[in-house]
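These notes concern the structure reproduced below.
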């Protein structure tokens, strides 16, 4: 049974605060939208009719409500698992099998991951086949959903097995230095996945084909050459078989670096708009945003792993949640749970950093293309096509948004355009 002590009280207080705060700002966001959702923002005047604006408002509100329900359910399950005695019972069963420490840990995490995946299935189905279908986005079939689920489980199982297996082995065989070796392994593994993803993992879910529009392809290659970016090719993927949402991205490292365009984007945007979107993405590469984020992530990971190393032998950690003795793989899970609320309240730090990067990438796009008009048109079209929220609550956007709110971003681009007009 759990022990009521200062650690448990502090955890429950932080957990309740993070859950309540998340629900509160979600409510604030939806309330703000319903108050202002009938007003067309100045930068969208003449671009959006009342019917489209109403669908934008309805889609955002329904998605937000469903998201809050899903979060509340996850929080309830997390507390149930931690406080009900389920974990000591599960560990007792696994220990009775007399497995090696590493294998015991893999079974422990595997069972929890499987249960989590099963509980997530109804939410995934409702999101894809009810909400996304209702607003004309989802083109997913049940057969494709099942295929994706199986592939996802296999891939995540293999990758997670490698990561957790290596970490548990290091914990077992390198008692005092495992945190450093684990960090080195995770860093190398992450880079390896970034390199392999475009050519090994992504093709398992989508068909990648060279872009069919030769003129657009040549224009893209010329644009990338202009900034010294070499790619492994320009590809289009059959994203439309799952959703009508649009996107484009850079992926890969070194020789596997490639430009990927959704087929839905190619159908709905002009070549000039597509080039402006890719110029923006090129800005992230040229400004070394990806490298900066990677360095920051690895630095935080190193510090966190060292903290985990210092805490994983703490007897109070195990006693609080009903364990009679320490077991490092259980400790890893408990520490992750304890720091969950802390990580949530640190969300704005990462959001502010990425918003800064987005503005720098917009500036780079402007300098590369010579005008902001195509980017403005692309963002307006993306907003309409994806039913984006044009009226987010300012605090909600500050807390969560990795990009500046669309109206703010477009207004900034319009000021840049106007400043160059004679």
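Things to note:
- Only a single item in (1) on the phi > 0 side of the Ramachandran plot; (2) in contact (Cβ under 8 Å) with a residue 40 or more places away in the chain is not met by residue 37, and it is number (1).
- Residue count, segment 305-350 (criterion: in a loop (DSSP other than H, G, I, E, B), surrounded by 14 or more Cβ atoms within 10 Å (Cβ to Cβ) and under 19 Å from the mean Cα position of the chain (by Cα)): 0
- Matching entry among 55, 34 (being farther than 20 Å from residue 395 by Cα, under 28 Å from the mean Cα position of the chain (by Cα) and modelled with pLDDT under 95): 55
- If you go through segment 82-98 and pick out every residue that is closer than 16 Å to residue 3 by Cα, in contact (Cβ under 8 Å) with a residue 24 or more places away in the chain and touching a helix residue (DSSP H, G or I) at 6+ places or on another chain (Cβ under 9 Å), you end up with 4.
- Those residues of segment 99-115 which are in a helix (DSSP H, G or I) and touching a helix residue (DSSP H, G or I) at 6+ places or on another chain (Cβ under 8 Å), in sequence order: 101, 102, 104, 105, 106, 107, 108, 109, 110, 111, 112, 113
- Any pair with Cβ under 9 angstrom, 6 or more apart, that starts in segment 204-223 at a residue that is free of Cβ contacts under 8 Å to residues at least 12 places away in the same chain and ends at one that is surrounded by 12 or more Cβ atoms within 10 Å (Cβ to Cβ): none
- Any hit, segment 59-68, residues being in contact (Cβ under 8 Å) with a residue 12 or more places away in the chain and over 26 Å from the mean Cα position of the chain (by Cα): no
- Cross-chain or 6+ apart pairs with Cβ under 7 Å, segment 308-319 first and free of Cβ contacts under 8 Å to residues at least 12 places away in the same chain, then in a loop (DSSP other than H, G, I, E, B): 315/326
- Contacts under 6 angstrom Cβ, first residue in segment 274-297 being more than 19 Å from residue 247 (Cα to Cα), partner modelled with pLDDT under 90 and not in a helix (DSSP H, G or I), 6 or more apart: 286/227
The values are calculated or read from the model by the stated rules, or taken from the named source; none is laboratory data. Predicted model, so just to flag it, every value in this text is computed and none were measured. Note: ideal-geometry Cβ built from the backbone for every residue, glycine included; neighbour counts use all protein chains shown.
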